[in-house]
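See structure below.
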Amino acid sequence: MPSWPGLSLSITILARRLLLLGLLIYGATLRVYPYDVVIQGIPKAEISKLAAAQVTCPWGKKNLSGDPEADHFRLSKDVSLIRTVLHSFGYFDAEITVAVENRKIIFRVTLNERYKLDGVVFVYAEKDYDSNLSPVRQLEIGHLNSNSYIDTKELADAGERIDNYFESIGYAFVHVEPPILEVDKARKKIIAIYRINLCGKTIIDKTILKIKSSKAPKLLEPFVRNRILWSDGQIYDAKKIEDTKTDLMDTGIFAVVDVTLTDRVQDVKDPGICHTTSIVSIEEAPLRDISVGVKYGTSEKIGAFLSWTHYNVDGKGSRFSTTLDLSKNTKIGRLKYNNFDTFGKNQELASQVFYMKENVPTYNVSKIGCESILWQRFSRGLKIGAGACSEYSTTQDNIIDILAEKGDDKPPVSNHEKIRFRAIGTPIGIQFSTTDNFLDPQSGVCCSGMITPYFSNLQTLTILNGKISSYLPVMKSSFRNTIIIASYVKFGSIIRNTKSLIPRDKLFFAGGANSIRGYGYQKIGEHSADNKPLGGESVFEFGIEPRYRISENFGIAIFVEGGNVYSSKLPKPFSKTMFGYGCGVRYYTPLGPIRLDLAFPVKRRKTADGSKHLDSRLNVYLSIGQAF
């Protein structure tokens, strides 16, 4: 039979080309066309919420091919997706239709009645577990409210809170499944059912330390173990673990602190208990750092702050630092050394040597001193200390005290006379704090008090001062607490023999960046004939400052503050109170907020001769850290 190989090859090539042409023609018929998507029946605000909740929904534009079957299949999927999203917001009776008109895809939605949460139910994998949690308590644990509108995000967040709750009572390996919704269409209600596998109450059998340090890690082990808040054989406590991590990070020695648990081991006798080992992994931070800052006050003018710190000096956690605080009127230098666990667990021996020179309108003083206080921590927030201090100063008074000349019971200070003060003291202090951050507290209370008896060449006197600050979170967001109501009360008193001399720098003064900001530095209280503040033997201040964090980096604040200094030994709260008010801007940084405050006095006083005002109309402050 004859063959024509050339003809066969030509037919094959022709067939391939015809097939390719057919595919191109068919593809042209399936050309994709963009259509605008319109959703009717849902308010625009609700559409934004739905779009945020489910980004795969057909918002904006959508492409259709022109093939009826393919487009119908695609739009049916979109309808199902929209219905699923509406269900997640409680619209279980929503009706949806779709039409294609004039190059637009129109989804017509009838929402109908939105369902409300009727309650939550905890179902445990452990059949014999009795939680004794009432329905109301179950709602409280999830931060949910009965008879309220709900969405799946809130239910998911509630699942995390339920997980955290059981971790807080010792169930380290608890697993909470996503909720199953039981829908009652007759009552228009939803019940959220959370299935919980407790996996047994967890006992930490032992703790292993893994320390990465440039010095011998063994030296740091006692320091770290003394700050671990749980003991071997205790029930797992999530709060103690978080507090331990915070305490270790706050020492400044460590860059990383992590606590992990090994796989659980079921107890051979009690199925409701499991065992684990905690592993504390620590990496040392750079052991030396330098901090530089600037500040400004209308009265104080520009100032600068410089500090150098060496952490873990002896390999056992101790810290050495030197600081320099310079401004127009004040120069202060300090050398500090903090030794931890000096004579026992949870102890800190804080020692310092300082030199201060202050030239203010009221007085000039040069002072050198030293102090050492042994602090004993009794709980995470409470510590009490006692120690000794010594001070030598030379003070020159710069005012004409006409009140003292009239026989007022005020410190009898000789005008322009230099007073040499040599004293030793025994400071006793107490500190209690539940706040979460030193430079920018978000919640909690901070209380401190110090009483120092001095035995000097002039006389025996005792100085007492204290401060209470509170921080109340009002509204929270993703960038921590959005609105904080901060407030404080400060008081002080000097107990002494009124017939003895006292250096004026030992008196109380008020006003300035960290006091009543509406008035200049030390300008609160009575003034002398030459318009210089006299100071007082007691002080009382108070203030309130709502802080609103607009974004991750910016915030604003308004404040009202008041108080006065008094010639009496004890303060007279709210007597002759001088008020100031103002507003400020905050820029939040990892080191703390940078604040700019504008402050105004409620009442501007005049000089002794009445020729001009004693108080500035406006006081401006720039510094780092909150005012209190």
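The values are calculated or read from the model by the stated rules, or taken from the named source; none is laboratory data. Remember, predicted model here, so these are calculated numbers, not experimental data. Please note: Cβ atoms are built from the backbone with ideal geometry, for glycine as well, and neighbour counts cover all protein chains shown. Heads up: the accessible areas ignore ligands, DNA and RNA and are worked out on the full protein's heavy atoms, side chains in. Shrake-Rupley method; radii C 1.70, N 1.55, O 1.52, S 1.80 Å.
Taking the radius of gyration and the Kirkwood hydrodynamic radius from Cα positions alone, what is the Rg/Rh ratio for the stretch 475-596, to two decimal places? Working shown, then result.
Values: Rg = 17.6 Å, Rh = 16.1 Å.
Reported Rg/Rh (Cα atoms, Kirkwood Rh): 1.09.
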Next on the checklist: Going by Cα centres, the stretch 423-490 and the stretch 345-405 are how many Å apart?
Outcome noted: 16 Å
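By its C-alpha gyration tensor, with a ≥ b ≥ c as the square roots of the eigenvalues, how is the stretch 136-176 shaped: rounded for a/c under 1.5, else prolate for a/b larger than b/c, else oblate? Please list the in-between numbers first.
On the way: a/c = 3.95, a/b = 1.80, b/c = 2.19.
It comes out oblate by the Cα gyration axes.
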Item to check | Long-range HN-HN contacts of residue 605 with modeled amide H, under 5 Å | outcome: 614, 615
Checklist entry - Over the heavy atoms of residue 143, what accessible area does a 1.4 Å probe trace out, to the nearest 10 Å²? => result 130 Å²
Next on the checklist: Expected output is a single nm value to one decimal: the length gained when fully extending between residue 205 and residue 314, i.e. 0.36 nm times separation in residues minus the C-alpha distance. What is it?
Outcome noted: 36.1 nm
Checklist entry - In nm, to one decimal, how far is the residue 99 label point from the residue 255 one, both placed 7 Å along Cα→Cβ? => result 6.5 nm
Next on the checklist: What figure, in Å² to the nearest 10, do you get for the accessible area of residue 35 with a 1.4 Å probe and non-protein molecules left out?
Outcome noted: 40 Å²
Item to check | Which of 491, 438, 508 is most accessible, then next, and so on - probe 1.4 Å | outcome: 438, 491, 508
Checklist entry - What part of the accessible area of the stretch 527-605, given as a whole %, is carbon or sulfur when the probe is 1.4 angstrom? => result 70 percent
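List the relative contact order of the stretch 481-613 as a percent without decimals, with contacts defined as Cα pairs under 8 Å and 6+ residues apart.
Computed over the stretch 481-613, the figure is 24 percent.
Kindly identify the stretch 558-628 as rounded, prolate or oblate by the Cα gyration tensor criterion: order the square roots of the eigenvalues as a ≥ b ≥ c, call it rounded if a/c is under 1.5, otherwise compare a/b with b/c, prolate if a/b is larger, else oblate. All intermediate terms of the calculation are to be shown ahead of the outcome.
Details: a/c = 2.92, a/b = 1.59, b/c = 1.85.
It comes out oblate by the Cα gyration axes.
Taking a threshold of 22 Å on the Cα-Cα distance, which of the pairs 301/467; 336/569; 532/612 fall above it?
301/467; 336/569
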Checklist outcome for this item: The Cα extents of the chain along the principal axes, largest first and rounded to whole Å, are 136, 72, 69
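Hydropathy first: keep DSSP H helices in the chain averaging at least 1.0 on Kyte-Doolittle, then drop any whose Cα extent along the axis falls short of 15 Å, and list what survives.
Sorted by number, the helices that extend far enough and score high enough are 5-29.
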Item to check | Whole-Å distance, taken between Cα centres, linking the stretch 159-228 and the stretch 570-628 | outcome: 46 Å
Checklist entry - Can you list, largest first and rounded to whole Å, the semi-axes you get for the stretch 332-395 by taking the square root of 5 times each eigenvalue of its Cα gyration tensor? => result 31, 12, 9
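Hey, how much of the P(r) for the stretch 304-362 falls beyond 17 Å, as a percent of Cα pairs? Don't skip to the end; give the middle numbers.
On the way: 833 of 1711 pairs.
Beyond 17 Å sits 49 percent of the P(r) for the stretch 304-362.
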Checklist entry - Sequence-distant or interchain residues sharing an amide H contact under 5 Å with residue 317, placed H: which? => result 312
Checklist entry - Which residues in the stretch 268-285 place their backbone N less than 17 Å from a point set 7 Å from the Cα of residue 247 along the Cα-to-Cβ direction? => result 278-282
Checklist entry - Can you give the alpha-carbon Rg of the stretch 61-140 over 2.2 N^0.38 Å, where N counts its residues? => result 1.77
Checklist outcome for this item: Descending packing, highest mean Cβ count within 10 Å first, for 362-368, 150-156 is 362-368, 150-156
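Using helices alone, I'd like the mean residue ellipticity at 222 nm for the chain: each DSSP H run of four-plus residues gives -39500 (n - 2.57), total over residue count, nearest 500.
Values: 8 runs with 106 residues, N = 628.
The helix-only estimate for the chain comes to -5500 deg cm²/dmol at 222 nm.
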Next on the checklist: What do you get for chymotrypsin sites (Phe, Trp or Tyr not before Pro) in the stretch 575-619 restricted to DSSP loop and a cutoff of at most 16 other Cβ within 10 Å of the site's Cβ?
Outcome noted: none
Checklist entry - What accessible area, in Å² to the nearest ten, does a 1.4 Å probe give for residue 552? => result 100 Å²
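Counting pairwise Cα distances across the stretch 105-214, what percent come out greater than 25 angstrom? Mind showing how you got there, number by number?
Numbers: 2205 of 5995 pairs.
Cα-Cα pairs in the stretch 105-214 separated by more than 25 Å: 37 percent.
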Item to check | Rounded accessible area per residue of the chain, 1.4 Å, Å² | outcome: 53 Å²
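Going by average Cβ density within 10 Å per residue, which order do the peptides 522-532, 226-236 take, highest to lowest?
On the way: 522-532: 19.9, 226-236: 15.5.
Ranking, from highest mean packing down: 522-532, 226-236.
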Item to check | Solvent-free Debye scattering, log10 I(q)/I(0), computed from the Cα coordinates of the stretch 242-339 at q = 0.11, 0.13, 0.16, 0.20 Å⁻¹ | outcome: -0.55, -0.67, -0.83, -1.00
